[in-house]
Each structure stands twice: as structure tokens, then as C-alpha cells.
Amino acid sequence: MNTLYSLLTFAGVLLAIWIIFKILSLPLKLLWKLFVNALIGAVILIVTNILGSFIGISISITPITALIAGVFGVPGAVVLIVLKLLLII
């Protein structure tokens, strides 16, 4: 009886761990995607500032521009560059 109880306890713990990982996997995927977008957006802004210094274009990295580039990634950074070229920001 003790062995059966141990096996059932082990199976219950494995099931609980599996359920917890399934519940947490969606938010972790979302956080990972946001992290990658933020990294790519920041790199684009930095490269734009470095290369743009030769032609007089620089985008100041403020909390708003960092948020736009971070959340939207490449499209957000491109919109910031286009807005800068149109002298809106």
C-alpha cells in the first residue's frame, strides 16, 4: 500500500508541475516576444543614430520612442524614422 501511495503522489506532483508549466507557457512566450521586439527596436534606433549622424538624422531615445520601438519592433522603429524624416518628431 505504501508503494502505491508513493506512486500516486509522484504522479500527482508530475501532473501539477505539468499544469503549472502549461499555464505559464503562454505568458512566457509573450514576454519573450516583447523582449525580442524591444531588443531589435533598440538596435535599429542605435544604428539609425550612428549612421544617421553622417547625414544629420538622429532620433532621441526617450521613454516614448523606446516604448514604440520596443512594443512594435521593426515597424515601430521604421515609423519613428519616417516621422523624423518628415520633421514631425
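Structure above, values below:
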read-out	value
Carbon/sulfur fraction of accessible area - the chain, other protein chains in place, 1.4 Å, %	83
At R0 = 41 Å, FRET efficiency that the Cβ-Cβ distance of TYR5 and VAL36 yields, to 0.05	0.35
Residues of the chain: accessible area per residue with a 1.4 Å probe, Å²	78
Angle between the chain longest axis and helix 2-52 axis [Cα atoms, degrees, rounded to 10]	0
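The values are calculated or read from the model by the stated rules, or taken from the named source; none is laboratory data. This is a predicted model, so every value here is computed, not measured. No Cβ is skipped: glycine too gets one built from the backbone with ideal geometry, and neighbour counts run over all protein chains shown. Side chains are part of the model used for accessible areas, which takes the heavy atoms of the whole protein and leaves out ligands, DNA and RNA. Shrake-Rupley method; radii C 1.70, N 1.55, O 1.52, S 1.80 Å.
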